[in-house]
Amino acid sequence: MLPARKTLPVLMILLALAGSTFWLAGRWAPVGGGIFSIWLTWSLIILSGIFCFFWLVLFRQRHLSTLGNIREQLQHFVQTDRIGMIMIEGNDELSSLASEMNQYLTNIKMRFEKQRLERKELLLQSSVAETESRQGRAIIQSISEAVIVTDRFDEILTANQAAQDLLDFQLSPESRQPVNSVIKDQELLQMLEQVRQKKSTNLTRLVQRQHPHTDKMLDLKVLTACVFDDEKEVIGVVMVIHDITTEKEIARMKDDFVSCVTHELKTPLASIRAYAELIAEGEVGPVESQQQFCSIIQEQADRLNRLIDDILNISHIQAGHLELVLEPCALGLIIEQAITTIRPQALEKNIELVTCLPESEINILVDQDLIYQAVLNLLSNAVKYSQRDGKVTVRAWQDNEGRAYLEVEDQGVGIPADEQERIFEKFYRVPQNNSQAEGNGLGLHLVHEIIQSLHKGTITVKSQPGRGSTFTVSLPLCQTREPVLCRS
Ligand code: ADP
């Protein structure tokens, strides 16, 4: 079959052949040739016409079937939402049209595929970015420091709960708010502005602010830094506010502790050194004086020893290194032992020591050495802060709720009401009572630690300046019914 584009020339050649046959027939048939020639000519014309007609019908049939084939394939592509190739047989205009369409479809398909891959890549990147941003936000929310992040338009991108509490604002979840409409602290706003303008990566400032809810004065360390993109353009600012109040307090307490300890160590050491120098230089006269100097040195050495013991005991208790040896003990016996120890001191000032103990023994489950130390400290204070000829009374009793009580009452100088809360602090001494007796301000702190921290007991004080003080300790009773004896 001829290709369609060649049909017209072929038809013309056929007609030309028919015309030349007609001309030849007219020339070579002189007799009767006219009729034959006309007959032949018409036969040829009719034959050519018939041939052309059939040829055209066939040609059209073939075109229609090819077009139908193309339409079917296109409909299939539409239904399956896919781009494929149009497959037709032959070598005519339709097949060349189909091959150009295929070329076009191939281009579309390639472009489509490229876009699909790009879209997939973008989706992946956006999901990674979303996950990272969520993780970042979760991290910011979970940290205890206040964190504020602004974007390139000075709007708040994120701020954690700590920042909202500290600066007393609430972040709207729907839209980003300008930072200066949310934060009212002008100094912090200035810092954000300054760091952005200078494109700085670190601006640190120490500020003091009152907590909006507790009114407590806070020491804050504010760190501000810019966030940059790949072109080194500022795309935001991060502000981290670190509450250093406790750190500062601890540093201050450490300083106080060191200066107190140094002071307490220096005083006895200075007197030991002075008396030792006098003895060494032979400037001490009679033997009695020498003995007196030696006993002063001994006293001061004992004072140093007590101080070091107290510090070590307190630090052991607070570090949790002290191993409690809990055993059933008779409270009365511990009191007796402490009174025996303190009696010489009481006698020096002619202080009467009175005990009021119940007939039946009070058993407590405690670390005997530590409770003895606590009772001794209370008794020692009662004697120390009493005037001559005074009286110190020690009482003990128990209630029906499983608790034992110990009371040490004196008629001494007393403690002013506004000082009573502070007397259990480390190294605290009531200024009004300093002249009454020497001390290091650790005794009651140690008692407090032994009773409250280690034995789940309580200690309270009632006192009136000039009339005396009463310290009351409560401890859990030991439930055993066996008679209990104390180590001596
Ligand atoms: P110190 O070594 O100074 O006695 P403490 O810790 O034992 O240290 O006591 C702290 C402060 O409490 C004392 O400096 C004193 O002013 C006051 N204090 C303690 N016990 C009594 C008491 N029985 N009477 C009056 N004041 C007391």
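List the relative contact order of the chain as a percent without decimals, with contacts defined as Cα pairs under 8 Å and 6+ residues apart.
8 percent
By how many nm would the segment from VAL78 to GLU130 lengthen if fully extended, with 0.36 nm per residue of separation less the alpha-carbon distance? Don't jump to the answer; show the numbers that get you there.
Details: separation 52, 0.36 × 52 = 18.72 nm, distance 3.56 nm.
Length gained, VAL78 through GLU130: 15.2 nm.
If you bin every alpha carbon distance in the stretch 45-97 into 5 Å steps from zero, what whole percent lands in each bin?
4, 18, 21, 17, 13, 10, 7, 4, 3, 2, 1
Going by a ≥ b ≥ c, the root eigenvalues of the Cα gyration tensor, does the stretch 143-243 fall in the rounded group (a/c under 1.5), the prolate group (a/b larger than b/c) or the oblate group? Provide the component values of the computation, followed by the final result.
Numbers: a/c = 2.06, a/b = 1.38, b/c = 1.49.
Cα axes put the stretch 143-243 in the oblate bin.
Need one number: nm distance between label points at ARG343 and ILE143, each 7 Å from Cα along Cα→Cβ, rounded to one decimal.
Inter-label distance under the simple model: 6.6 nm.
Stretched out fully, how many nm does the piece from ILE235 to THR472 gain, at 0.36 nm a residue minus the Cα gap? Write down the numbers at each step before the final one.
Values: separation 237, 0.36 × 237 = 85.32 nm, distance 6.47 nm.
Using 0.36 nm per residue and subtracting the Cα-Cα distance, I get 78.9 nm.
Per residue, how big is the convex hull around the C-alpha atoms of the stretch 202-351? Give it to me in cubic angstrom, could you? Display every interim value, and only then the final one.
Numbers: hull volume 46.7 nm³, N = 150.
With only Cα atoms used, the stretch 202-351 gives 311 Å³ per residue.
Need the list of lysines near LYS391 for cross-linking: C-alpha distance under 21 angstrom, and skip anything on the same chain fewer than eight residues off.
Cross-link targets: LYS349, LYS462.
State the answer as a single residue: which of SER99, LEU357, ASN377 lies farthest towards the positive end of the charge dipole of the chain, with beta carbon charges of +1 for Lys and Arg and -1 for Asp and Glu, about the Cα centre.
Looking along the dipole axis, the top candidate is SER99.
Cross-link candidates for LYS198: which lysines have Cα within less than 19 Å, leaving aside residues fewer than 8 places away along the same chain?
Qualifying lysines at Cα under 19 Å: LYS232.
Compare the peptides 174-184, 71-81 by average per-residue count of other Cβ atoms within 10 angstrom and give them in order, highest first.
Working: 174-184: 14.1, 71-81: 10.7.
The peptides rank, most packed first, as 174-184, 71-81.
Going by alpha carbons, how many degrees (0 to 90, nearest 10) lie between the helix axis of 245-280 and the longest principal axis of the chain?
30 degrees
Given C-alpha coordinates of the stretch 324-476, what is the ratio Rg to Rh with the Kirkwood estimate of Rh?
Values: Rg = 14.7 Å, Rh = 15.5 Å.
Radius of gyration relative to Kirkwood radius: 0.95.
Taking the Cα of ALA225, stepping 7 Å toward and past its beta carbon, and measuring to each backbone N in the stretch 232-253: which are under 17 Å?
232-243
If packing is taken as the average number of other Cβ atoms within 10 Å across a peptide's residues, how do 244-255, 122-133, 157-168 rank, most packed first?
Working: 244-255: 11.8, 122-133: 10.2, 157-168: 19.0.
Peptide ranking by packing, descending: 157-168, 244-255, 122-133.
Sorted by average packing, counted as other Cβ atoms within 10 angstrom per residue and highest first, what order do 380-390, 440-450 take? Provide the component values of the computation, followed by the final result.
Values: 380-390: 19.0, 440-450: 22.2.
Answer by packing, highest mean first, reads 440-450, 380-390.
What is the ratio of the Cα radius of gyration of the stretch 67-171 to 2.2 N^0.38 Å, where N is its residue count, to two decimals? Each step should come with its number before you reach the end.
Numbers: Rg = 27.7 Å, N = 105, 2.2 N^0.38 = 12.9 Å.
With N residues counted in the stretch 67-171, Rg over 2.2 N^0.38 Å equals 2.15.
With both bridge residues required to lie in the chain, what share of the DSSP beta bridges run antiparallel, to the nearest 5%? Mind dumping the intermediate values first?
On the way: 54 of 59 bridges.
Antiparallel bridges: around 90 percent, rounded to the nearest 5.
Which of LEU203, VAL128, VAL57 sits farthest toward the positive end of the charge dipole of the chain, with +1 on the Cβ of Lys and Arg and -1 on the Cβ of Asp and Glu?
About the Cα centre, the residue reaching furthest to the positive side is VAL57.
Rounded to the nearest 20 Debye, what is the dipole magnitude of the chain about its Cα centre when Lys and Arg each give +1 and Asp and Glu each give -1 at the C-beta? Mind dumping the intermediate values first?
Details: 48 positive and 63 negative charges, 794 e Å.
With only Lys, Arg, Asp and Glu charged at Cβ, the dipole is about 3820 debye.
So how tilted is helix 186-198 from the main axis of the chain? Cα-based, degrees 0 to 90, rounded to 10.
That works out to roughly 50 degrees.
If you fit an axis through the alpha-carbon atoms of helix 287-319 and take the longest principal axis of the Cα set of the chain, what angle between them do you get, 0 to 90°, nearest 10?
Orientation of helix 287-319: about 30 degrees from the principal axis.
Based only on the alpha carbon positions, what is the Kirkwood hydrodynamic radius of the stretch 185-264, in angstrom? Walk me through the numbers on the way to the answer.
Details: mean 1/r = 0.0672 Å⁻¹.
Every distinct Cα pair counted, the radius reaches 14.9 Å.
How much length would be gained if the chain were fully extended between LEU123 and ASP185, taking 0.36 nm per residue of separation minus their Cα-Cα distance, in nm to one decimal? Don't skip to the answer; put the middle values down first.
On the way: separation 62, 0.36 × 62 = 22.32 nm, distance 4.05 nm.
The span from LEU123 to ASP185 would gain 18.3 nm if fully extended.
If the only charges are +1 at each Lys and Arg Cβ and -1 at each Asp and Glu Cβ, what is the size of the charge dipole of the stretch 324-476 around the Cα centre, to the nearest 20 debye?
Working: 13 positive and 20 negative charges, 85 e Å.
The calculated dipole for the stretch 324-476 is roughly 400 debye.
Work out the charge dipole of the chain with +1 on the Cβ of Lys and Arg and -1 on the Cβ of Asp and Glu about the Cα centre, then indicate which of ILE139, GLY282, VAL261 is farthest towards its positive end.
ILE139
For the stretch 305-344, what is the Kirkwood estimate of the hydrodynamic radius, computed as the reciprocal of the mean inverse distance between distinct Cα atoms, to one decimal in Å?
Details: mean 1/r = 0.0808 Å⁻¹.
So the Kirkwood estimate lands at 12.4 Å.
List the lysines whose Cα sits under 24 Å from the Cα of LYS248, skipping any in the same chain fewer than 8 residues away.
Straight-distance partners of LYS248: LYS216, LYS221, LYS426.
Largest first and to the nearest Å, give the Cα extent of the chain along each principal axis.
191, 62, 46
Here, each number is a calculation from the coordinates, and none is a lab measurement. In this text, all values refer to a predicted model and were calculated from it rather than measured experimentally. Please note: Cβ atoms are built from the backbone with ideal geometry, for glycine as well, and neighbour counts cover all protein chains shown.
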